[in-house]
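Here the structure comes first, spelled out in structure tokens, and everything after it is commentary.
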Amino acid sequence: MAGILKVGLAAGVNPIVAPFVKAAIFRAAAEAGRTVELIEDETEIRKDAPDERFALADSKITALESCLRLQCRGCDVALIANLRSDAYLKEVQTELQMPVVGLFSGAAEAVAASGKTKVGLLGAAVPFAFIQAMLPEAELIPSPSGCCIHTTDIDLVRTEADKQLAAGAEILLPACGRVAGACTALRSEGYPVVDILSIAARRAVAETPARLPKPFKVGLIGGLGPAATVDLYDKIVRATPAKTDQEHFKVVVEQNPQIADRTAALLHGGADPTLAMYGCARRLEKDGCDAIIVPCNTAHAFVPFLERHIGVPFINMQVAAMEEIKAKLGESARIGLLATSGTVQTGIYSQKAEALGIPLFVPDEANQARVMNAIYGPKGAKAGFTTGECRDDLVTAAEYLVRTFDCNCLILGCTELPLILDESDAFPCAGKNVTVIDPTSSLARKVVKTAEKAFEERGIR
């Protein structure tokens, strides 16, 4: 036996029409033998629009806002108590997973099933062009009054119907929500009128559309640091195989540059960034993100603490980099790590390398100081420099790793370092060509692969 069906009604967009839609929903539930819980949202359209374009935007935004609230309240399906909303229903539906049944849903099929071609319109609230597009084979007879009669008075509606029938109409179609509300009674009198509200309600209740798939969305904890955040986002965009803006996937950046310095916390007892990072991750989770990424290598030392409390998976930067190294160099890989002292000491790279059986080496104290100066120094990457002293320090430390440990691969293990050195499969260093891995780029490529897989599975961007 079917459970309780939660039907949402965006009632505030047209409070006069809403009771008629509500009645149709309960009639449909009785016919189908279904138990329905009706959930109404009373958000109303603003009435102070300065012109028609603002009025249209107000109508669209209110319809979507009302439906979003109904979705948050757990509705299985919703209807909008406004015939005009059908003209932009696709735009509303794009922003939702909850299906929305338009009040004209099924109207075209009802007209076709009648075998009639001359359709008389009752009212004119809905754009004539919209109805033409909905009924391309029909001969439409506009409302005889030339405007929307804006009434639920059965006598006035009957008069309009008689005029349309006298003008040659074979079937009548409401083009105004208020008129549609009166048409149930008119139909009981034998008038050939399409009861659009009853048809839409039956579709919602007895033929409830399936919930729509959710578009893939990745959340980015930003500000760690600001330049590295921009760099990661830029690399995601560049790695995405898109020919138009619309072929890219959704990204939410929770930018918080005030998160405490991760290296200072790990090495010097500085402020703990865990809660600030958790706050960002929690907001991204509530925003519906499917995965979370962090543009800071050192910050990954705190990610395991978050993963215990966040239901959304993190795509790990170090794992992405190691996977690419394994694919490129296999068992012959010998890795040199260029990273903050915090990253080095936490072992977030060395542990993953050890798990894969790949040897990993770090600079000695003097060269590690050069790496830190390239990142944090007055002429380092965090200060906005990418050439000169910072590059010289970084290259010197790289040469030490290649010369001393015969490294054939260098990891730029701080998200500021790719601002100084580029990824390469043949970077000349200490007399040999070595592979340079930018974990930011590795992460970007893995995020794109994850997104593309989601597109294939869900069929929606």
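The values are calculated or read from the model by the stated rules, or taken from the named source; none is laboratory data. In this text the structure is predicted, and so the values were computed from the model without any measurement. No Cβ is skipped: glycine too gets one built from the backbone with ideal geometry, and neighbour counts run over all protein chains shown.
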If you check residue 122 against the conditions, is it in contact with a helix residue (DSSP H, G or I) (Cβ under 7 Å, 6 or more places away or on another chain) and modelled with pLDDT under 95?
yes
Across segment 110-123, what is the total count of residues that are surrounded by fewer than 20 Cβ atoms within 10 Å (Cβ to Cβ) and not in a helix (DSSP H, G or I)?
4
Segment 149-169 - residue that is part of a loop (DSSP other than H, G, I, E, B) and in contact with a helix residue (DSSP H, G or I) (Cβ under 8 Å, 6 or more places away or on another chain) and, of those, modelled with the highest pLDDT
153
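Please verify whether residue 384 is closer than 24 Å to residue 298 by Cα, modelled with pLDDT under 95 and in the same structural domain as residue 335 (by TED's automatic domain parsing), treating the condition exactly as stated. I'd like the intermediate steps shown before the answer.
Details: closer than 24 Å to residue 298 by Cα: yes; modelled with pLDDT under 95: yes; in the same structural domain as residue 335 (by TED's automatic domain parsing): yes.
Here the answer is yes, as residue 384 does meet what is asked.
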Could you list, in sequence order, the residues of segment 359-380 that are of a type in the set (A, V, I, L, M), part of a helix (DSSP H, G or I) and touching a residue at least 24 places away in the same chain (Cβ under 8 Å)?
371, 372, 374, 375
Tell me, which helices (runs of 4 or more DSSP H) wholly within segment 263-356 include 2 or more residues that are closer than 19 Å to residue 451 by Cα and either at pLDDT 95 or above or of a type in the set (D, E, K, R) (or both)?
274-286, 317-329
Looking across segment 439-456 at residues that are charged (D, E, K, R) and touching a residue at least 40 places away in the same chain (Cβ under 8 Å), the single one that is surrounded by the most Cβ atoms within 10 Å (Cβ to Cβ) is 446
Yes or no: residue 335 under 39 Å from the mean Cα position of the chain (by Cα), surrounded by fewer than 22 Cβ atoms within 10 Å (Cβ to Cβ), within 22 Å of residue 425 (Cβ to Cβ) and outside the structural domain of residue 282 (by TED's automatic domain parsing)?
no
Taking segment 429-442 and keeping residues closer than 19 Å to residue 371 by Cβ and of a type outside the set (Gly, Ala, Ser) leaves 429, 434, 435, 436, 437, 438, 439, 440
Test residue 161 against the criterion of being assigned by TED's automatic domain parsing to the domain that holds residue 22, under 23 Å from residue 82 (Cβ atoms) and out of contact with any strand residue (DSSP E or B) (no Cβ under 6 Å at 6 or more places or on another chain), and give yes or no.
no
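The rows are residues; the columns are (1) in contact with a strand residue (DSSP E or B) (Cβ under 8 Å, 6 or more places away or on another chain); (2) crowded, with 19+ Cβ neighbours inside 10 Å.
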site: 275; (1), (2): no, no
site: 281; (1), (2): yes, yes
site: 288; (1), (2): yes, no
site: 295; (1), (2): yes, yes
site: 299; (1), (2): yes, yes
site: 303; (1), (2): yes, yes
site: 306; (1), (2): yes, yes
site: 309; (1), (2): no, no
Under 7 Å between Cβ atoms, at least 6 apart or on separate chains: pull out the pairs that start in segment 120-138 with a residue that is more than 21 Å from residue 158 (Cα to Cα) and end on any residue that is assigned to a helix (DSSP H, G or I) and among the hydrophobic types (A, V, I, L, M, F, W, C).
127/87; 130/87; 134/107; 134/108; 135/108; 135/111; 138/111
Just one of (1) closer than 19 Å to residue 429 by Cα; (2) surrounded by 23 or more Cβ atoms within 10 Å (Cβ to Cβ) trips up residue 349, so point out which.
(1)
Reported set for segment 1-47 where residues are free of Cβ contacts under 8 Å to residues at least 12 places away in the same chain and within 31 Å of the chain's Cα centre (by Cα) is 47
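Among the residues of segment 206-233, how many are in contact with a Phe, Trp or Tyr (Cβ under 9 Å, 6 or more places away or on another chain) and either more than 30 Å from residue 415 (Cα to Cα) or part of a loop (DSSP other than H, G, I, E, B) (or both)?
Total meeting the criteria: 2.
If you check residue 200 against the conditions, is it assigned by TED's automatic domain parsing to the domain that holds residue 28 and either in contact with a Gly (Cβ under 7 Å, 6 or more places away or on another chain) or on the phi > 0 side of the Ramachandran plot (or both)?
Numbers: assigned by TED's automatic domain parsing to the domain that holds residue 28: yes; either in contact with a Gly (Cβ under 7 Å, 6 or more places away or on another chain) or on the phi > 0 side of the Ramachandran plot (or both): yes.
Spelling it out, residue 200 is indeed assigned by TED's automatic domain parsing to the domain that holds residue 28 and either in contact with a Gly (Cβ under 7 Å, 6 or more places away or on another chain) or on the phi > 0 side of the Ramachandran plot (or both).
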Report yes if some residue within segment 391-413 is β-branched (Val, Ile, Thr), surrounded by fewer than 24 Cβ atoms within 10 Å (Cβ to Cβ) and modelled with pLDDT under 95; otherwise report no.
no
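Of all residues in segment 251-264, how many are in contact with an Asp or Glu (Cβ under 9 Å, 6 or more places away or on another chain) and touching a residue at least 40 places away in the same chain (Cβ under 8 Å)? Spell out the reasoning first.
Within segment 251-264, the first condition is being in contact with an Asp or Glu (Cβ under 9 Å, 6 or more places away or on another chain), and the residues that meet it are 252, 254, 260.
Right, trim to touching a residue at least 40 places away in the same chain (Cβ under 8 Å) and you get none.
Total satisfying the criteria: 0.
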Looking only at segment 162-203, which residues are over 15 Å from residue 27 (Cβ atoms) and without any contact (Cβ under 8 Å) to a residue 24 or more places away in the chain?
162, 163, 166, 190
